[in-house]
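Inspection log for the structure reproduced underneath, given as structure tokens.
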Amino acid sequence: MSLKTRVSAYTLSIALVWSSGAFAQQMKAEVLHWWTSAGESAAVRVFADQFTKSGGTWVDNAIAGGVNARAAGVNRIVGGNPPTMTQFNTGKQFDELVDADLLRDLDAQAKAGKWSEIMPKLIVDAVTREGKVYAVPVNIHGQNWMFYNTKVFADAGVEPPKTFPELLQAGEKLKAKGIIPLALGGQPTWERNLFNAVLVGHGGPDLFRKINGARDQSAAKSPQFKEVVEIYGKMRGLVDQGSPGRNWNDAASLVITGKAGMHFNGDWAKGEFIAAGQTAGKEYGCALVGASGGKLIIGGDVFVFPATKDKGQLATQDKLVEVLLDPTTQLEFNKKKGSIPVRMDVDVSSMDACAQKSSAVLKDSANQVEAQELISTPNFTGAMQDAITQYWNNPNMTADTFIEKVSAAMRDAS
Amino acid sequence: MATLPIRASSIGAADTGARRRIRARLPAAFALLPTALIVLVVYIGCMIWTVRLSFTSSTLLPKFDWVGMAQYNRLFLNDRFLTSAENIVIFGVLFISGCLIIGFLMAVFIDQNVRGEGLFRTVFLYPYSMSFVVTGVAWQWFLNPGLGLQKLVRDMGFESFTFDWLVNQKMAIYTIVIAGLWHGAGLTMAILLAGLRGVDADLWKAAKVDGIPTWRVYTSVILPLLRPMVITATVLLATGVVKLYDLVVAMTLGGPGIATEVPAKFVMDHLFERNNIALGTAAATIMLITVVIVLAPWVYARYVRPQGRPA
């Protein structure tokens, strides 16, 4: 008798497990992304948990390194065995997948969710191809923040600089105090990121767009661009000897420990400050350097949904879109990720001071500048990066030689 | 008339002999088939595919149009590729010759029946067990002016000591060579030591009787005997040169600037990061042609010519 009940209970539980498994099978999402660092994986877990709560099964496929993850994603989509959704950066990285009709068109979801009203225009534009939306933006990263150590600045009697000429002066004062004025991860990517910060801060958004987007030869030959190049050249004197090859997080930790004064980076660098137990607005500050309060270069991450005819997968994808853009999910995800919600209608008062500043700056669309990867092909970005890193690391290279290289890159890069 | 049947039968015998031989070889041929297929399809096929793509305008996805030599024109106007090519020559020459010389000296040293031979052998060979990535990171720390050697010596009181090769554009490539030597010399030692141990003891006795100085025996008698080992070591080291990538990525990421860029990194970056398959495959094709040009005389001398001679 007791045996019989046990057996039937056993069968029942098996049946339950099996049926819930079968149910989950219908909403099984394989997600390919590159969020592997501690903060990032905590952030992606927010998505996973929310999706699980709404009845789905999240199969996490994290691949370390954006380049590797994107290559894996593209290979699987082209090879005909795509994941349910896969990550890209906001921008042109998935252009050719759209051209080859390999991605699902999300126009209906975008219209239903009123994306064009709640997201910054240039973010929506960045996922739109020939009038149709092909990706879900999930966050906004500001890329040209200047992080500074408040105590170091106060001790040296320096105000956070508002423009780049001021920054050069402040740098000399810090140097006199024996502080490294500018902590830089001396790798080509970060050298380019710093250049873009100067370009948008000193040259303005128009020049930034003409150089990086339109590849305007006359803009490259203009006196304003030369001024930008010269200021960037002078900043070589503000970094320490150990800068070449340094990782960005090591550069950030120089500011955290007070060995250096400033560090230019995207808002993802906040993670390092938070991990060191520091609070935005107290031990460290973040500011935009540039004329008229500074402009914010914004990019971020998106998910694309490979085209499929499978009804179950389509429904799963619909659910994913819903989960990714849910206001609460957005807030929690972006708190952990260090970015700000892609929806401007989310209340950010519970976020840190830098995130609030970000959100406030972006309220005015004149302050929004699209990141280089939104307006430039990876190949041209790479060619610019080659030119920038050569100029930065060779103090003997003149501004004119560099401008020649930029103009050649504009001409030759596909 | 009488000879004809005999000849016919002998032809028949020869025929069945050949057939038997083919039948005997059949299992061997069958066993080799998968390898042959892999070589044909994967190696040769991918090579042809790569060369073909280098004549297209492919970016993220392969496209099969025809743009002639346009990618090659671009390639040879590209600063970064030219620097890469120059760097790989510097690295190749210094790394192979350095490994052979240091490896040989270490092998000779151990061959003197020193005490604690096992320890030395382990110490010399140990770096080879590290991956290039670990090697690169370790040397990056050690050579970093603010963290490693320079700071150490300065902290000991030599304030003016400077060793900033890692962050110096002109010298950075030599730090890659140093790390490469540290990594590869031990393997060369192991190969050459095996050769030294195989040298007939009677040779040494004969040389001693003749009163030839030891160094002379090494250079004029032993070294020629080690020729096959030297060739083996050179080939192994040369493959390391062609595929040099991870050491650079771990140590300098191609910098400062583009001072330590190498062709393999150029190819990888353009294929996977910059969505420029065509330029990447053009660079890969140039690498292949260079390797073929360097190897062809050797392959000819070693494999083709001896067959022409009577055994």
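The values are calculated or read from the model by the stated rules, or taken from the named source; none is laboratory data. Note that the coordinates shown come from a computational prediction; the quantities given were computed from them, not determined experimentally. Backbone-built Cβ (ideal geometry, glycine too); neighbour counts: all protein chains shown. Surface accessibility is based on the protein's heavy atoms, side chains included, excluding ligands, DNA and RNA. Shrake-Rupley method; radii C 1.70, N 1.55, O 1.52, S 1.80 Å.
Of the DSSP beta bridges with both residues in the protein assembly as shown, give the percent that are antiparallel, rounding to the nearest 5. Display every interim value, and only then the final one.
On the way: 22 of 37 bridges.
Antiparallel: roughly 60 percent of the beta bridges in the protein assembly as shown.
Go through A:K111/A:K311; A:K175/A:K336; A:K53/A:K337; A:K121/A:K295 and tell me which ones have a Cα-Cα distance over 24 Å in this structure. Numbers along the way, then the final one.
Values: A:K111/A:K311 21 Å; A:K175/A:K336 35 Å; A:K53/A:K337 21 Å; A:K121/A:K295 15 Å.
Where the Cα-Cα span goes over 24 Å, the pairs concerned are A:K175/A:K336.
With the contact rule set at Cα under 8 Å and sequence spacing of 6 or more, what percent relative contact order holds for segment A:303-414? Could you put the intermediate results ahead of the total?
Working: 51 pairs, mean separation 16.2, N = 112.
About 14 percent, as a whole number.
Accessible area of B:Y174, 1.4 Å probe, to the nearest 10 Å²?
So the heavy atoms of B:Y174 present about 70 Å² to solvent.
Can you tell me which of B:F272, B:F104, B:F30 moves the most in a GNM of chain B? Springs connect C-alpha atoms under 10 Å apart.
B:F30
Provide B:M229, B:M106, B:M47 ordered by accessible surface of protein heavy atoms (probe 1.4 Å), highest first.
Details: B:M229 60, B:M106 30, B:M47 85 Å².
Solvent-accessible surface, decreasing: B:M47, B:M229, B:M106.
Ignoring everything but the protein chains, give the 1.4 Å probe accessible area of B:I178 in square angstrom, nearest 10.
Accessible area of B:I178: about 50 Å².
Suppose each label sits 7 Å from its Cα in the direction of the beta carbon; what would the A:T398-A:A154 distance come out to in nanometres?
For the pair A:T398/A:A154, the computed spacing is 4.7 nm.
Determine the dipole magnitude for chain A: charges of +1 sit on the beta-carbon of Lys and Arg, -1 on that of Asp and Glu, nothing else is charged, the reference point is the Cα centre, and the result goes in debye to the nearest 20.
Details: 43 positive and 43 negative charges, 127 e Å.
Dipole about the Cα centre, nearest 20: 600 debye.
Taking 0.36 nm per residue of separation and subtracting the Cα-Cα distance, what length does fully extending B:K63 through B:S131 add? Kindly include the intermediate steps, with their values, before the conclusion.
Working: separation 68, 0.36 × 68 = 24.48 nm, distance 3.60 nm.
Extra length from B:K63 to B:S131 when fully extended: 20.9 nm.
Give me the accessible area of A:D99, 1.4 Å probe, in Å² rounded to the nearest 10.
So the heavy atoms of A:D99 present about 120 Å² to solvent.
To the nearest 20 debye, what charge dipole does the protein assembly as shown have about its Cα centre, counting +1 at the Cβ of each Lys and Arg and -1 at the Cβ of each Asp and Glu?
Numbers: 69 positive and 59 negative charges, 490 e Å.
So the magnitude is around 2360 debye.
Identify which of B:W141, B:W66, B:W298 has the largest mean-square fluctuation in a Gaussian network model of chain B, with springs joining Cα atoms closer than 10 Å.
Maximum among the listed residues: B:W298.
Assign one of three labels to chain B, namely rounded, prolate or oblate, based on the Cα gyration tensor with a ≥ b ≥ c the square roots of its eigenvalues; rounded applies when a/c is under 1.5, prolate when it is not and a/b is larger than b/c, and oblate otherwise.
Oblate.
Percent antiparallel among DSSP beta bridges with both residues in chain A, to the nearest 5? Present the calculation step by step, with values, prior to reporting the outcome.
Details: 22 of 37 bridges.
Bridges in chain A that DSSP calls antiparallel: roughly 60 percent.
Please list B:S129, B:S97 in order of solvent-accessible area, largest first, computed with a 1.4 Å probe with all protein chains present. Let's see the in-between values first.
Working: B:S129 85, B:S97 50 Å².
From most accessible down to least: B:S129, B:S97.
Can you give the FRET efficiency to the nearest 0.05 for A:D345 and A:K121, using r as the Cβ-Cβ distance and R₀ = 22 Å? Mind showing how you got there, number by number?
Details: r = 14 Å, r/R0 = 0.66.
Approximately 0.95, to the nearest 0.05.
If R₀ is 60 angstrom, what is the calculated FRET efficiency for the pair B:V42 and B:M156, using the beta carbon separation as r and rounding to 0.05? Mind showing how you got there, number by number?
Values: r = 55 Å, r/R0 = 0.91.
E(calc), rounded to 0.05, equals 0.65.
Taking 0.36 nm per residue of sequence separation and subtracting the Cα-Cα distance, how much length would be gained by fully extending the chain between A:A353 and A:A108, in nm to one decimal? All intermediate terms of the calculation are to be shown ahead of the outcome.
Working: separation 245, 0.36 × 245 = 88.20 nm, distance 3.55 nm.
Length gained between A:A353 and A:A108: 84.7 nm.
How far is helix A:2-26 tilted off the main Cα axis of chain A, in degrees rounded to 10, range 0 to 90?
50 degrees
Which residues does the label zone of A:V67 cover in segment B:67-110, counting backbone N under 16 Å from a point 7 Å along Cα→Cβ?
B:80-81, B:84
Relative to the Cα centre, what is the charge dipole magnitude of segment A:259-398, using +1 at the beta carbon of each Lys and Arg, -1 at the beta carbon of each Asp and Glu, and rounding to the nearest 20 debye? Don't skip to the end; give the middle numbers.
Details: 13 positive and 16 negative charges, 39 e Å.
It works out to roughly 180 debye.
Remind me, relative contact order of chain B in percent, using alpha carbon pairs under 8 angstrom and six or more residues apart? Before the final figure, lay out the partial values.
Values: 316 pairs, mean separation 87.1, N = 311.
Here the relative contact order equals 28 percent.
Determine the sum of side-chain charges near A:V152: Lys and Arg each +1, Asp and Glu each -1, restricted to other residues whose C-beta is under 15 angstrom from that of A:V152. Provide the component values of the computation, followed by the final result.
Values: positive: A:K151, A:K173, A:K175, A:K177, A:K259, A:K282; negative: A:D155, A:E159, A:E172, A:D240, A:E283.
Net local charge, A:V152 excluded: +1.
Distance between the C-alpha centers of segment B:237-269 and segment A:217-279? Whole Å please.
Answer, in whole Å: 25.
Residue separation times 0.36 nm, minus the C-alpha to C-alpha distance between B:A206 and B:I90: what's the value? Walk me through the intermediate numbers first.
Working: separation 116, 0.36 × 116 = 41.76 nm, distance 4.13 nm.
Length gained between B:A206 and B:I90: 37.6 nm.
What is the protein assembly as shown by shape, rounded, prolate or oblate, if you read a ≥ b ≥ c off the alpha carbon gyration tensor as root eigenvalues and call it rounded for a/c under 1.5, prolate for a/b larger than b/c, and oblate otherwise?
Numbers: a/c = 1.88, a/b = 1.32, b/c = 1.42.
Judged from the Cα gyration tensor, the protein assembly as shown comes out oblate (a/c at least 1.5, b/c at or above a/b).
Under the rule of -39500 (n - 2.57) per DSSP H run of 4 or more residues, summed and divided by the residues of the protein assembly as shown, what mean residue ellipticity at 222 nm is obtained, to the nearest 500 deg cm²/dmol?
When only DSSP H runs of four or more count, the value is -18000 deg cm²/dmol.
Hey, with R₀ at 35 Å, roughly what FRET efficiency would A:K309 and A:T189 work out to, going by the Cβ-Cβ distance, to 0.05? Don't skip to the end; give the middle numbers.
Details: r = 39 Å, r/R0 = 1.11.
About 0.35, to the nearest 0.05.
Excluding residues fewer than 8 places away in the same chain, name every one of the lysines whose C-alpha is closer than 23 Å to that of A:K177.
Leaving aside lysines fewer than 8 places away in the same chain, those within reach of A:K177 are A:K151, A:K162, A:K234, A:K259, A:K282, B:K151.
Keeping every protein chain in place, order B:D111, A:D364 by accessible area at 1.4 Å, biggest value first, i.e. largest first.
Output order, biggest surface exposure first: A:D364, B:D111.
Take A:E172 and B:T16, extend 7 Å from each Cα along the Cα→Cβ direction, and tell me the distance between the two endpoints in nm.
10.4 nm
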